[in-house]
1. Mind giving me the nanometre distance, one decimal, between the label points for residue 31 and residue 86, set 7 Å out from Cα along Cα→Cβ?
2. Suppose a student asked you for the relative contact order of the chain, using Cα pairs under 8 Å spaced at least 6 residues apart; what percent would you report?
3. Let me have the relative contact order for region 1-121, percent, based on Cα pairs under 8 Å that are six or more residues apart.
4. Which whole-percent values make up P(r) of region 143-215 when all C-alpha to C-alpha distances are grouped in 10 Å steps starting at zero?
5. So what does the Cα-only Debye profile of region 1-87 read at q = 0.21, 0.22 Å⁻¹, as log10 I(q)/I(0), no solvent term?
6. Please pull out the direction-averaged projected area of the chain, using the convex hull of its alpha-carbon atoms, in nm² to one decimal place.
7. Can you compute the helix-only [θ] at 222 nm over the chain? Use -39500 (n - 2.57) per DSSP H run of at least 4 residues, normalise by all residues, nearest 500 deg cm²/dmol.
8. What span do the alpha-carbon atoms of region 84-167 cover on each of the three principal axes, reported in whole Å from largest to smallest?
């Protein structure tokens, strides 16, 4: 079974400095039919104006992945005994923060000219109360071109980021004749989010911001990309 979700069905918030599109209920946007999918709880498509950002704020018991699409994000966090991390996150990087018992962090666009465009993803952990952790890796185009590259997983397989969740996140770049398949284990859910471009997934044509929600499906097939960047979530044990 598969359900197509148009980009126009997402929630939207315009705070001036921040324009955000919500795939699931978030903040002032509430849709009881869109409270998440399996452990996947948030996909926010954020545009942060130059010189602005999120001040220091807290999270607990959530796996938070930041996936920049354009521009630069300056990250800073405080994790108690785990210390403080600060640095820049740019397109091609993926950042993982396990909030666990509690973390304070800020995210700011340091550029005075360029908008920062990113996806922020929250996944519910399989275990509460873990020690907070931070990790960041670069997944360049050569790793994602024409394939679904594993970027986050429960066991850090294939050089991916390690998360405390029953979920695997893949990223891929597709254009022209490039195509790929991903087999799913029995009982797993899957969610496909197209970040940009256009792409055909299991026979459904997607444009930027569109998504496909899948259950009782054993295979995901992607093809026919036009400057496409896609995220695929394998959600299961």
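1. 3.9 nm
2. 19 percent
3. Reported as a whole number, the value is 30 percent.
4. Spelled out per bin, shortest first, that is 18, 50, 30, 2.
5. -1.25, -1.32
6. So the Cα hull casts an average projection of 12.1 nm².
7. Helix contribution divided over all residues of the chain: 0 deg cm²/dmol.
8. Taking the Cα atoms of region 84-167, the three principal extents are 40, 34, 18 Å.
Taken together, the values in this text are just the output of simple stated rules run on the coordinates, not laboratory data. For clarity, every value in this text was computed on a predicted model and none was experimentally measured. A quick note on method: Cβ atoms are made from the backbone with ideal geometry, for glycine too, and the neighbour counts reach across all protein chains shown.
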